[in-house]
1. Any idea which residue in the stretch 64-83 is nearest to GLY127 (Cα to Cα), counting only those that are under 18 Å from the mean Cα position of the chain (by Cα) and outside any loop (DSSP other than H, G, I, E, B)?
2. Return the residues of the stretch 223-239 that are at pLDDT 70 or above and surrounded by 11 or more Cβ atoms within 10 Å (Cβ to Cβ); say none if nothing qualifies.
3. Only residues that are surrounded by fewer than 20 Cβ atoms within 10 Å (Cβ to Cβ) and of a type in the set (Gly, Ala, Ser): list them for the stretch 73-107, please.
4. Give the residue, chosen from ARG34, ARG22, ARG41, that is surrounded by 13 or more Cβ atoms within 10 Å (Cβ to Cβ) and farther than 21 Å from MET118 by Cβ.
5. If you go through the stretch 23-48, how many residues are modelled with pLDDT of 90 or more and within 21 Å of the chain's Cα centre (by Cα)?
6. Restricting attention to the stretch 52-89, which residues are closer than 11 Å to ARG141 by Cβ and in contact with a Lys or Arg (Cβ under 7 Å, 6 or more places away or on another chain)?
7. Those residues that are free of Cβ contacts under 8 Å to residues at least 24 places away in the same chain and assigned to a helix (DSSP H, G or I), I need them from the stretch 15-49; list them, please.
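The values are calculated or read from the model by the stated rules, or taken from the named source; none is laboratory data. Predicted model only: the values in this text are computed from it and were never measured. Because the Cβ atoms are built from the backbone with ideal geometry, glycine has one as well, and the counts that use them run over all protein chains shown.
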Amino acid sequence: SRSTDASARAEVARVLAQRHARGDGVMLIPGLRRDAAYAARDPLLAWAEATGIAVDPGAVVLRPSADERGNALAETTFRVQRWPDHVVTQPLNGRTVWFELAHPVRKVFQGENDSRFMALAELDADGMWVEQDPLATGDLRQSSAGAGESVDRQAVAALIGTETSPGGSTASVGRLAVVADNVWATDTVILNRRAGGNTELFANLAYWLAGLESAIDLTPRTQGLRRIGPLTDATRTAVRWGLLAGVPGAVMLCGVVVWLVRRRG
């Protein structure tokens, strides 16, 4: 039931707040809630906002696109290729991370947290906007730019965390990372997009939340999925003749060379 679900999420939020206060890292990956404007506030997002990162789960970032006939459509897919200078994202320079259904995140002024807040991923596309009422159209692809808030850049992932001091000690409070897109790290996106950058960002965030920055430097530079592309007819023919004639011919040639060497000897 809704009441049971709400009480369960409130209990999870309470436990996370306690563990975070003791120094544990927390990653939140909230998803779209079309009824967010009318439903009770999610306890997990309320805790994140109290910690310094606010998420609007009822809003979606969109950009203009068109179908094969040239009809205007709204697109939810974005790719990010520019990254801030942070230990989590430094290995991502030149890499692409895909976001499929992202929501806005913003900093909440929390005193000392202001200096520890960082927008980790920002969407940047011509004509993009934030759709504040996804229920209005029913189909997000039919949304129009005039119905939303036009933006130039929009953060969809952020973090707040302690930095290790020269002596190796950290503050007692833990780290928090929020990636406001609940499909960006799913198998569907990673396999269909061959999104090695997505897997690397997820792994780097996990290491950072655990305080294992040194492990980030050890991750492979490329985690892309390597696949053999489709073979052309000419390639298939070359491979077939290479196996039928090339390999036996090479064996025969080696036999002739060995026979000549022995004869001369």
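1. Checking each candidate, the answer is GLU75.
2. The answer is LEU231, THR235, THR237, ALA238, VAL239.
3. GLY94
4. The unique qualifying residue is ARG34.
5. Final tally of qualifying residues: 9.
6. LEU73, ALA74, GLU75
7. Result: VAL15, GLN18, LEU45.
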